[in-house]
1. Hey, could you check region 62-81 for residues that are in a strand (DSSP E or B) and in contact with a Lys or Arg (Cβ under 6 Å, 6 or more places away or on another chain) and say which is surrounded by the fewest Cβ atoms within 10 Å (Cβ to Cβ)?
2. With the requirement that a residue be small (Gly, Ala, Ser), within 21 Å of LYS145 (Cβ to Cβ) and in contact (Cβ under 8 Å) with a residue 60 or more places away in the chain, what does region 52-92 give you?
3. Which numbered condition in (1) loosely packed, with under 12 Cβ neighbours inside 10 Å; (2) in contact with a Pro (Cβ under 8 Å, 6 or more places away or on another chain) is the only one that THR45 fails?
4. Checking the condition within 24 Å of ASN38 (Cβ to Cβ) and touching a strand residue (DSSP E or B) at 6+ places or on another chain (Cβ under 9 Å), which residue from ALA117, ALA132 passes?
5. Being closer than 25 Å to ARG140 by Cα and of a type in the set (D, E, K, R) is the filter; apply it to region 104-122 and report the residue that is modelled with the highest pLDDT.
6. Failed condition for SER58, given (1) under 16 Å from LEU126 (Cα atoms); (2) in a loop (DSSP other than H, G, I, E, B); (3) at pLDDT 95 or above, with all others met?
7. Restricting to region 115-133, count the residues that are more than 11 Å from LEU63 (Cβ to Cβ) and in a strand (DSSP E or B).
8. So, in region 94-114, how many residues would count as being among the basic types (Lys, Arg), more than 15 Å from TYR81 (Cβ to Cβ) and part of a strand (DSSP E or B)?
Amino acid sequence: MRYLLAAIILVFALAETSGAKSPAQPDYKKVVKHFDGNKTIIGETIRYPSGNPVNIQSLVVTLLPGETTGWHKHGVPTYGYILSGSVTVDYGEKGKRTYRAGDAFMEAMDWWHNGSANGSEPVRILVVFMGAKGVRPVIREGAPK
């Protein structure tokens, strides 16, 4: 019985990795590029903190309709991908930008900004901080009021 179960599992594993496509499986893009570059959304050259061990954090930020992030900036390169909803980010004298589901960007680093959820549904943002231990990814002290 144990060998029969192992054989069944092996058959399914081989079918999954063989690249064979079942007739019921729809066409899809295996890889979809969302960002490729070395500049933030406002044109800053992306730079990594140096001297400390790497610390990468991935999280989903949710803002309810009308909710804001509060003014802040980032001490590390920060990637954003809008999972759902819509958010407008105010970059002060650099203007405002609205991001919608499916948009990807490298957020401004050394520039104060404030995001506001638009529309009637919450906005969900996948955020990846590409930093280093001891370097804060979000800075709020000294923010404009």
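1. Pass one, region 62-81, residues in a strand (DSSP E or B): 62-63, 68, 72-73, 78-81.
Then keep just the ones that are in contact with a Lys or Arg (Cβ under 6 Å, 6 or more places away or on another chain); that gives 62, 72.
Details: THR62: 13, HIS72: 16.
The extreme case among them is THR62.
2. Within region 52-92, GLY70, GLY75 qualify.
3. Single failed check for THR45: (2).
4. ALA132
5. Residues of region 104-122 that are closer than 25 Å to ARG140 by Cα, as a first pass: 104-118, 122.
Now restrict to residues that are of a type in the set (D, E, K, R): 107, 110.
Working: GLU107: 97, ASP110: 94.
The extreme case among them is GLU107.
6. Unmet condition: (2).
7. Going through region 115-133 one residue at a time, the tally reaches 7.
8. 1
The values are calculated or read from the model by the stated rules, or taken from the named source; none is laboratory data. Since the model is a prediction, treat every value here as computed from it, not as a measurement. Glycine also receives a Cβ, built like all others from the backbone with ideal geometry; neighbour counts cover every protein chain displayed.
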